[in-house]
Amino acid sequence: GIKSEEVVSKAFDMVRENKFPVQDLHGISPLQTENYAGVKCQGIPAYNMDKPYHPKNNNWIGYLVELDGKTYYAMGDTDVTFEAKTVDADVVFVPIGGKYTMDAAEAAAFINEKQPGLVVPIHFGDTEVGDSFVKMLRPEIEVYRFW
């Protein structure tokens, strides 16, 4: 499999090729919290529980970002993990595709429990998956739909 160091190296190469200022890139590890120019960022472990695609030992992460008094949780490719359950956020970008991530039912149960102010379903290709996710949510949960 690909090691996390290889992924980071490829990301830095892509940044250099596109002439982004590399000195403005910051790395973050699982459960590490940093403050970058007034933006608080924490790495939240992102992994699969019973699938082989994203093992925990790869140390891949989602991001909890605090900006202007609001918190945003971009979960990444993950299942509902112990660490994800500890996060409270105003806006959650939740993967619902099922193969590499939680499925729509698992994601809806997670969101119904967490009750963020806004949820944005991501990482799915079939609009039926998105529609089924939305139907399983409590009616008071606001959803931003891309479809």
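Count of lysine pairs in the chain with Cα atoms under 13 Å apart, counting only pairs 8 or more residues apart in sequence or on different chains?
For the chain, qualifying lysine pairs total 4.
For the chain, with every protein chain kept in place, what is the accessible area per residue (1.4 Å probe, Å²)?
On a per-residue basis, 61 Å².
What's the carbon and sulfur percent of the chain's accessible surface, probe 1.4 angstrom, rounded to a whole number?
About 53 percent, which is the carbon plus sulfur part of the accessible surface.
When you count, for each residue, the other Cβ atoms within 10 Å and take the mean per peptide, how do 112-121, 30-39, 92-101 rank with the highest first?
92-101, 112-121, 30-39
If contacts are Cα pairs under 8 angstrom and at least 6 residues apart, what is the relative contact order of the chain in percent?
15
So I have (1) 14.5, 48; (2) 15.9, 45; (3) 16.6, 50, and one of them is Rg and Dmax of the Cα atoms in Å calculated from this model. Which one is it?
(2)
The values are calculated or read from the model by the stated rules, or taken from the named source; none is laboratory data. Note that the coordinates shown come from a computational prediction; the quantities given were computed from them, not determined experimentally. Ideal geometry is used to build each Cβ from the backbone, glycine not excepted, and the neighbour counts take in all protein chains shown. Accessible surface areas use protein heavy atoms only, side chains included; no ligands, DNA or RNA. Shrake-Rupley method; radii C 1.70, N 1.55, O 1.52, S 1.80 Å.
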